[in-house]
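The values are calculated or read from the model by the stated rules, or taken from the named source; none is laboratory data. Predicted, not measured: the structure shown is a model, and the values here were computed from it. Positions of Cβ are generated from backbone atoms using ideal geometry, with glycine treated the same way; all protein chains shown enter the neighbour counts.
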Amino acid sequence: MMDAIMLARLQFALTSIYHWLFVPVTLGMTVAVACMEIAYVSTKNETYKKMAKFWGKLFLINFAMGVVTGIVQEFHFGMNWSEYSRFMGDIFGAPLALEALTAFFLESTFMGAWIFGWDRLSAKAHATVAVLVAIGTNLSAFWILVASSFMQNPVGFVIRNGRAEMESFGAILSNGYVPGQFGHIFTDGLMTAGVIIASISAWHILRNNALDFYKRSMQWGLVFTIIGGILVSGVGHLHGQYVTKVQPMKIASVEGLWDTTQGASFSMFATIDEKNQTTNSFIELPKVLSFVATDDFNGTVQGMKDLQKADEAKYGPGDYVPHVTSMYWTFRAMVFSGALMLLVAIVSFAMHRSGKLETSRGMLKLLFWMLPFAYIANASGWYVAEMGRQPWLVYGLQKTAAGVSPTVTASEILTTIIGFTAVYVLAAIAALYLAVKHIKKGPEGNPSHDVREEAALWK
């Protein structure tokens, strides 16, 4: 049986990944819905209003699940990570409080007005409400990421009586880690929403359901996917360069780079031998890692062996290398999934512009199957961000092993893991049922085809 530390980590990882299934959808979908309402106000085209209602309801389902799973995560700080809460509470609590006072109240208040105001507010007022919901939702993510960024790159603090205390809120707010992390998450949300809209629209077009509605929705979804995909790549590149400066071990681990190298290559596929500290690359792009990390094809990228020695000299004996194999492959899962979605979206948009997409069943099916890749990219990206700083809970200040609750036993954590998992499975079934029911119903309440018709459509 695993010890309490490993079980506490496992539980937080499970709840975080589950929570993260819903967060990017809500972040991007609020922006998409607000844009649809603005388009309706500008054009008076009823299709845009129907689009805002249909995709807005899908956002609400995801938002409800995101809130529930987010609250559960907060319980972890008191249950399993009390030493972390004691050490970091003075700093971590401030952005969380601001998230509740500014962002959550803003989005929840205006979300109620958005839900019940369709027949009570003017089109312009309702569109304004939609914009405020989008601002509130993404502002909520901003404050959470301010707290998360401190854990990745601590600034504006002082250590007193064995605790990290805030010395400068301005320094914490202007942490260089925040812009890259928030920008990456925001643009990822746009891409995720775009993929979902385009994929579901392709599914309906294959069934000849509400063609005008779904053709227009698919166009919007493709545009959001392309814009989000290009931006998330650019922001990710810039953020990666910043991470290279403040967390060089994370960058080295995602490449499996053991030795400091000038003009380092980026491997596409490799086998990692962590015991012997070797990486055997099968396909690699010469000097690309150095360019990505330093903007110089001949730039020097530090290897994990040298970084381990430097960390031992600075922090004392210990293993400062994260799990390299999982870091290597999850990073590639994120990059390859994102690149595939962007490529399919660009080709689909070009075909749409030439009038060929709607009649190409193969491309529509491929577009539909991009849906799971959005979730793969999100989950793997979050894994890289969090696992890459191990063994640190707060980078350079508190190790993960030091943050766990000293009085909570492994059996108690295992019991709560089983309980949370059971509840989450039931919640997932309910959310999936509601989402699928809403998606199949469509904007006009179109009935779905029977099973035999559906099977024939995919032949």
* From 279, 244, which residue is in a helix (DSSP H, G or I) and either more than 29 Å from the chain's Cα centre (by Cα) or within 27 Å of residue 153 (Cβ to Cβ) (or both)? -> 244
* Pairs, please: C-beta under 7 Å, at least 6 apart or cross-chain, first residue surrounded by 20 or more Cβ atoms within 10 Å (Cβ to Cβ) and in segment 133-144, second hydroxyl-bearing (Ser, Thr, Tyr)? -> 133/30; 134/30; 137/26; 137/30
* Asked: Can you name the number of the only condition in (1) under 30 Å from residue 45 (Cβ atoms); (2) assigned to a loop (DSSP other than H, G, I, E, B) that residue 228 fails?
  -> (2)
* Asked: Name the pairs: first residue in segment 102-119 and on the phi < 0 side of the Ramachandran plot, second residue surrounded by 14 or more Cβ atoms within 10 Å (Cβ to Cβ) and not in a helix (DSSP H, G or I), Cβ to Cβ under 8 Å, at least 6 apart or on different chains?
  -> 113/121
* Filter segment 424-457 down to residues that are loosely packed, with under 12 Cβ neighbours inside 10 Å and either in contact with a His (Cβ under 7 Å, 6 or more places away or on another chain) or not in a helix (DSSP H, G or I) (or both) and give me whichever is modelled with the highest pLDDT. => 444
* Can you name the residue in segment 202-217 that is in contact (Cβ under 8 Å) with a residue 60 or more places away in the chain, out of contact with any Leu (no Cβ under 7 Å at 6 or more places or on another chain) and not in a helix (DSSP H, G or I) and, of all such residues, is farthest from residue 37 (Cα to Cα)? -> 209
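One residue is enough: does segment 364-372 have a residue meeting the conditions surrounded by fewer than 20 Cβ atoms within 10 Å (Cβ to Cβ) and farther than 16 Å from residue 205 by Cα? Working first, answer last.
Just the residues of segment 364-372 that are surrounded by fewer than 20 Cβ atoms within 10 Å (Cβ to Cβ), to begin with: 365-366, 368-369, 371-372.
Retained after the next criterion (residues that are farther than 16 Å from residue 205 by Cα): 372.
Checked segment 364-372: at least one residue is surrounded by fewer than 20 Cβ atoms within 10 Å (Cβ to Cβ) and farther than 16 Å from residue 205 by Cα.
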* Asked: Out of segment 178-226, which residues are among the aliphatic types (A, V, I, L, M) and either more than 21 Å from the chain's Cα centre (by Cα) or within 24 Å of residue 143 (Cα to Cα) (or both)?
  -> 178, 185, 190, 191, 193, 202, 205, 206, 210, 211, 218
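Within the group 327, 363, which residue is in a helix (DSSP H, G or I), among the hydrophobic types (A, V, I, L, M, F, W, C), assigned by TED's automatic domain parsing to the domain that holds residue 235 and closer than 30 Å to residue 436 by Cα? Outline the logic, then answer.
Values: 327 fails: closer than 30 Å to residue 436 by Cα.
Answer to the check: 363.
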* Structure fact -> residue 184 meets each of (1) in a helix (DSSP H, G or I); (2) within 23 Å of residue 355 (Cα to Cα) with one exception, condition (2)
* Filter pass, residue 351 being of a type in the set (A, V, I, L, M), crowded, with 19+ Cβ neighbours inside 10 Å and in a helix (DSSP H, G or I) -> no
